[in-house]
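What follows is a short report on a single structure.
Here, each number is a calculation from the coordinates, and none is a lab measurement. What you see is a predicted model; the values in this text were computed from it and never measured. Every residue, glycine among them, receives a Cβ derived from its backbone with ideal geometry; neighbour counts consider all protein chains shown.
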Amino acid sequence: MHTKVLDRCSLTQHMRPLQVPECQLNLTASLGLFRCIQLALDAGADAMSESGHGQASVRGCLMKSILPGHAIPDLNKAANFQEERFVTDLNAHMAAEASLGSRKTAQNVAATGRVYFWQSGSLWIGTGQGRSEWHNHHAHQLALALAGEFRFRTERTGPWTVFEAAFVPSHCPHEFELDGATMAHLFVEPESTEGRVLSQRFAPLGIAALPEAAARRAAGGLLDALRGNADADAMRAVARSAAATLAGMDVATRAAQEVDARVARALDYIRSRVCTPVSLADASAAAALSPSRFRHLFVQETGTSFRAYLLWLRINVAIEAAMAGASWTQAAHEAGFADSSHLTRTHKRMFGIGPTAIRHE
């Protein structure tokens, strides 16, 4: 059986205009007619696109042949299919399909690498491909391309910006995309000494390029450690040195950026008990403050609420456990999550990818 594929002009010559009866049509009939026309356009466009024509131009050409060229006054408003209105509805339908497609592609991130943690920070290093979902996290992020480049954007319909080294401030919603680049992501909590310096230098700028010379030094040290198969302690030391370099820290700035001593005591208390229930009253007692005063001072010093900070610590505990060999279900329970589904939702909200998207080297 042979199927004849017509070009655009031939196809429109073989199609007769759809004759709409000049009578009252109810809303159901109107929607039915819209769907029939839509299916006809889809079928014709799909057939012609296989012969090299773009679908958008094909739809427009077919629509000229299918639609009546004038308004029919006897039709009610719901059934008056003038071309302008049909184009608007069809465009909305196509936009919805495109939006659904983009949401699907936003979930295909895959990465291979290692994750190293220390108090108030972590290093994620390895190779990845794909686009994250929209997310934000408590820590500042220092993203360095060790080989290749990457892209960020902060608006759903906004343009992508290409970087080789970038700063992402705490709690800044964003999307991330890369094509097989080797990356190092340094997460630095804003209440840490390095984090407070980074807040002063870069946070008002939003997502911004890091100073080129400092970024090169930091990336070079991390790449050398990665290629040399440095052990965990050495990787942490290189990562913390890179964070200090990118923050532009010296002895004077370090001394001037210490967190309030009362909040520091509470942070130590929370970290030591993160895998068990910790209440605001417990943490405020460790800080020797009333719960209301502690709540205000905690937000002032850390930039986040007590409950949100506790969740941030727990997701990091879970990731560290999984990287050490635990299943994600085991990691969820170890870190104090209700179940692995709760952990997965939290991971996506904070990092833009599911926990299983990362394969440990």
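For this structure, a couple of remarks:
- Convex hull (Cα only) mean projected area of the stretch 101-181, reported in nm² to one decimal: 5.3 nm²
- Estimated FRET transfer efficiency when R0 is 35 angstrom, pair residue 229-residue 260 (beta carbons, to 0.05): 0.30
- Summing Cβ point charges (Lys, Arg +1; Asp, Glu -1) relative to the Cα centre of the stretch 205-334 gives a dipole of roughly 240 debye.
- Packing, taken as the mean count of other beta carbons within 10 Å per residue, orders the peptides 122-129, 206-213 from highest to lowest as 122-129, 206-213.
- Charge sum, other residues only, whose C-beta stays under 13 Å from residue 120's C-beta, Lys/Arg counted +1 and Asp/Glu -1: -2
- Extension gain, residue 308 to residue 200: 0.36 nm times the residue separation minus the Cα-Cα distance gives 36.7 nm.
- A Stokes-Einstein calculation at 10 °C with viscosity 1.306 mPa s, built on the Kirkwood radius of the stretch 264-361 over Cα pairs, returns a diffusion coefficient of 112 µm²/s.
- Full extension of the chain between residue 214 and residue 279 yields a length gain of 19.3 nm, computed as 0.36 nm times the residue separation minus the alpha carbon distance.
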